[in-house]
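I have placed the structure first, in the form of C-alpha cells, so that the comments after it can refer back to it.
The values are calculated or read from the model by the stated rules, or taken from the named source; none is laboratory data. Everything numeric in this text was worked out from a predicted model, so none of it was measured. All Cβ positions, even for glycine, are placed from backbone atoms using ideal geometry, and neighbour counts span all protein chains on display.
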Amino acid sequence: MASIYKRGTSWTASVSININGNYKKKTKSGFRTKTDANKWAIETENQKINNTLSKGNGIIAEMFDDWYEVFKEPLLETKSKAWYKVISKLLREEWPNKRISDISTADFQKLINNYGKTHVKSSVSHTNNIISSFVRYAVDEDFIYKDFSRNVKTFSAKIGKDKDLKFLENNELELLVKDASNSDATTSHMILMAIYSGARYSEIAGLTERDFDFNNCTIDINKSWQSSDKEFKDTKTKTSNRVVDLPPDFMMMVKNGRLENNMHLRVSQDCLLLTMPSTNN
C-alpha cells in the first residue's frame, strides 16, 4: 500500500513495488498537494516494472465495455442493454483516452454534472449507479485503489415530468375506456386490456388463446413478448406470473370476437396485433 505524508510544505509518496517476488520502495517528494502525491502513487502501483501500463490501468471506456460483455450482457434484456451502450458512448465522448487511474472524484462529479444539464434526475442517477458498479468492480480487482465514485452526488437541471401527469383522473379514465371500446385500432384494444387487467404492455402482447378462461373470466399471465428481440420470454419476475380476473362483459366482447376475429394475440415484425379467440371456444 502507498504511504502519503507531508514534509515541510510539500507532500511525499512512497510505494512498494513487487519485482520478481521482492518488494522495493519507490519514493517521490515535492508534490504540492496530497491529491497529487496520491495520484502519482496510484499510477506507480499500476505500472509494471518495465514502466508499461498494466491491464488495470487501461482506457476506462474500453475497460467498461469489457466488464459489460462479461458480467452484464448475458444477464440483461435488450432494453436494459441499451443503457450500457449509452454510458459507453458517454465515457468515450467525455474521456476518449483517459486511463482509469487518472480519474478523480472531481472528474467524475464534473461528468455527472454535465450529463445532468440535459437529462432528468432519474436518468442521471441510473447512469451514476451503473458507472459506480463498474468502479467498485475495478477496486475489487485491484485495478485501482480508490473508489472515485463513492462521494459523487447526482445533479439535474432538467425537470422531470410531474407525477400527477402520469395518472388519469376517474373521469379521464372513463372517457378513455369509452373511446377505446368504440375503436377498431389495435392500440385501443391493448389499452382496454391494460385498464381491466393492470398487465404490462409486454404481458398483454404475450397472451395467447390458451391463456383465456371464459368460464371463470380470467386470463393467465405467464410470459411476455419482447418486441425488441421478437420472441417470447419470461415475465419480469416470478411473482409476475399470475391469474387476473376480468369483467364478464369485457370477456364476452373478447369471446364474441368484438375486438378482433382471429384466434389469439399475434405479433408481427412491425406492430403488435391483438387478436382474440373466436366464439368456438
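Summary table below
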| read-out | value |
| --- | --- |
| Qualifying residue in the stretch 190-206 (condition: in contact with a Phe, Trp or Tyr (Cβ under 8 Å, 6 or more places away or on another chain) and under 30 Å from ARG99 (Cβ atoms)) | no |
| Test for LYS153: is it part of a loop (DSSP other than H, G, I, E, B), modelled with pLDDT of 90 or more, surrounded by fewer than 18 Cβ atoms within 10 Å (Cβ to Cβ) and basic (Lys, Arg) | yes |
| Boolean, ALA180 is farther than 30 Å from GLU69 by Cβ and small (Gly, Ala, Ser) | yes |
| Given (1) modelled with pLDDT under 75; (2) loosely packed, with under 14 Cβ neighbours inside 10 Å, index of the condition ILE17 fails | (2) |
| All positions within the stretch 67-85 that are exposed (fewer than 13 other Cβ atoms within 10 Å of the Cβ) and without any contact (Cβ under 8 Å) to a residue 40 or more places away in the chain | GLU69, VAL70, PRO74, LEU75, SER80, ALA82, LYS85 |
| Candidate set: the stretch 215-233, residues that are modelled with pLDDT of 85 or more and exposed (fewer than 15 other Cβ atoms within 10 Å of the Cβ); chosen: the one farthest from SER80 (Cα to Cα) | ASN215 |
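Residues checked against (1) out of contact with any strand residue (DSSP E or B) (no Cβ under 7 Å at 6 or more places or on another chain); (2) in contact (Cβ under 8 Å) with a residue 60 or more places away in the chain; (3) outside any helix (DSSP H, G or I):
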residue	(1), (2), (3)
ILE87	yes, no, no
PRO96	yes, no, yes
ASP107	yes, no, no
ILE112	yes, no, no
THR118	yes, no, yes
SER122	yes, no, no
HIS126	yes, no, no
TYR137	yes, yes, no
PHE143	yes, yes, yes
